[in-house]
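Just below is one structure, and these are the notes that go with it.
FYI, it's all coordinate maths here, none of it is from the lab. All values reported here derive from a predicted model rather than from experimental measurement. Reconstructed Cβ throughout: ideal geometry from the backbone, glycine too, with neighbour counts over all protein chains shown.
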Amino acid sequence: MATKVNVKTTRNAASYDISIGRGSLKNAGEWAKSVMPGSSGRAAIISNRKVFGLYGNAVKKSLENAGFEPHVQLIGDGERFKNLRTLEDTLRFLSGSKFTRTDSIVALGGGVVGDLAGFAASVYLRGIDLLQVPTTLLSMIDSSVGGKTGVNSSFGKNLIGAFYQPRGVLIDTNTLLTLPEREVTAGFCEAVKQGAISDRSLLDKTAKILGQLEGRRLHERLGEDSFSENFARFLAAQISFKARIVAGDERESVAKTDARSRKILNFGHTFGHALEKVTNYRYFRHGEAVGHGIRFAAALSKNLELIGQNEVELLNDVVRRAGSLPSLGSIDPSEIFATFKYDKKMINDSLQWILLEGIGKPVIFSHAKIRQAVLAASFKEITRS
């Protein structure tokens, strides 16, 4: 039995459902017809070689059985392939396959695939239908929800993109059975981020799931019915939180600066995006960089006297439970700080940090109010702990 979470959007009073279940990929075609009534034209499956090798044929066959004409475009695996060149190749593929406004794109993969395919859907012929089929934990709870799409460039991460909502999101938790351990850690770091800015209840749910995994791999526990059911509820809670934020601030309004602003979802991301950029998107998984970003933002919040040491230790503990993160030993902090000027969270020439006044109490804090010495001290703290 699938669990559904509804995402309300402001554009044309539209909304869409996120369906969470086990083994649902085999019914992807019927699901696609249900969320796009009357549509049975061409469907471009955008994926990468690894994911398509695992799940692509099942999705393709299901689409064919439902009356769609599937076409397949495989992109490179990793953040460094989320760029304008890959976007152009994808648009050329759509044009060469004679896609029209009545056709659709199916994004089958993690966040890179979802962001790239979503952006392609938003600009090709000024917009065609998009279906998100995330296959990583991080993309299930974050990047497939809310309509942010985009690509990276030489001057920063996700600075080129669009808000473009899918017609639906299909989550098959069985895809997590093949997820590499580093991707599991990356996904849980994103879950910790959402727990930190939501409320203590969501953070506690995240810590509890991580506690149940102590010494066990996620794919081992997902084979147990009771854990699998609990995990589906955990996913639904994570997705519901983000859906509420998106409903209230779909396009991340510049003017909105309270704790319900969509900007709060960037907690841990300013430092995390900088880590990814200075290492050319090759050293960290996105969620791993966010894990370090959570630790940095917590230390910075403490050094600005917004939170106490106990809350810093709590967040550090839950991040540690998510899994080991790549070392920061070779990272030059001056390079990190230099990248902040290219962050998309700049408003009126000042970077806007998302910090904490407590668990579940995010605050938007101007970079102009933070001394360089405080940034340096916060970096030093997380490299020695």
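Translational diffusion of segment 181-384 was estimated from the Stokes-Einstein equation, with Rh taken as the Kirkwood radius over Cα pairs; at 37 °C and 0.692 mPa s the coefficient is 190 µm²/s.
Each Lys and Arg Cβ is given +1 and each Asp and Glu Cβ -1; about its Cα centre, segment 143-211 then shows a dipole of about 180 debye.
The residue list Ala373, Ile160, Leu218 was ranked by how far each Cα lies along the charge dipole of the chain toward its positive end, using unit charges on Cβ atoms, and Ile160 comes out on top.
The value for segment 211-289 of Rg(Cα) / (2.2 N^0.38 Å) is 1.46.
Here the spin labels are modelled as points 7 Å beyond Cα on the Cα-Cβ line, and at Ser154 and Asp77 they lie 2.9 nm apart.
Alpha-carbon geometry of segment 3-178: the Rg and the Dmax are 14.5, 44 Å, given in that order. For segment 1-100, the spread of Cα positions along the three principal axes, ordered from largest to smallest, is 37, 33, 28 Å. Rounded to the nearest 20, the Cβ-based charge dipole of segment 181-384 about its Cα centre (Lys and Arg +1, Asp and Glu -1) stands at 300 debye. Extension gain, Ser15 to Arg217: 0.36 nm times the residue separation minus the Cα-Cα distance gives 69.2 nm. Ordering Tyr124, Thr90, Ala247 by the projection of their Cα atoms onto the charge dipole of the chain, which places +1 on the Cβ of Lys and Arg and -1 on the Cβ of Asp and Glu, puts Tyr124 at the extreme positive end. The C-alpha atoms of the chain define a longest principal axis, and helix 309-322 lies at about 40 degrees to it. Under 16 Å from a label point set 7 Å out along the Cα-to-Cβ vector of Thr279, the amide N atoms of segment 48-85 belong to 78-81.
Length gain on complete extension for the stretch Arg92 to Arg251, per 0.36 nm per residue less the alpha carbon to alpha carbon distance? Write down the numbers at each step before the final one.
Details: separation 159, 0.36 × 159 = 57.24 nm, distance 2.82 nm.
That works out to 54.4 nm of additional length.
About its Cα centre, the dipole of the chain is roughly 500 debye, where the only charges are +1 on Lys and Arg Cβ and -1 on Asp and Glu Cβ. This ranking places His269, His367, His219, His286 by how few other beta-carbon atoms lie within 10 Å of each, fewest first, which gives His219, His367, His269, His286.
Helix 225-248: angle to the longest alpha-carbon principal axis of the chain, degrees 0 to 90, nearest 10? Value to nearest ten degrees: 80.
Could you sort the peptides 237-246, 370-379 by per-residue average Cβ neighbour count (10 Å cutoff), highest mean leading?
Working: 237-246: 20.9, 370-379: 15.0.
Highest to lowest by the protection proxy: 237-246, 370-379.
Under the combined filter of DSSP loop state and at most 13 neighbouring Cβ atoms within 10 Å, segment 301-385 retains these GluC sites (Glu not before Pro): Glu305.
Considering helices alone, the calculated mean residue ellipticity of the chain at 222 nm is -13500 deg cm²/dmol, with DSSP H runs of length four and up weighted by -39500 (n - 2.57) and normalised per residue.
Shape annotation for the chain: C-alpha extents along the principal axes are 60, 46, 40 Å, from largest to smallest. Computed from Cα atoms, the angle from the helix 181-198 axis to the main principal axis of the chain rounds to 70 degrees. Based on C-alpha pairs under 8 angstrom that are at least 6 apart in sequence, the chain has a relative contact order of 15 percent. Placing a label point 7 Å from the Cα of Arg244 along the Cα-to-Cβ line, the residues of segment 162-199 whose backbone N sits under 11 Å from it are 198-199. Pairs over the 18 Å Cα-Cα cut-off, from the set Lys157/Lys369; Lys8/Lys148; Lys263/Lys361; Lys33/Lys60; Lys256/Lys361; Lys82/Lys157: Lys157/Lys369. Fewest-first ordering of Asp89, Asp249 by other beta carbons within 10 Å of each residue's beta carbon gives Asp89, Asp249.
Where in segment 262-301 is the amide nitrogen less than 17 Å from a point lying 7 Å along the Cα-to-Cβ axis of Ala376? Correct set: 300. Taking the fewest neighbouring Cβ atoms within 10 Å as the starting point, the ordered list for Glu79, Glu214, Glu250 is Glu214, Glu250, Glu79.
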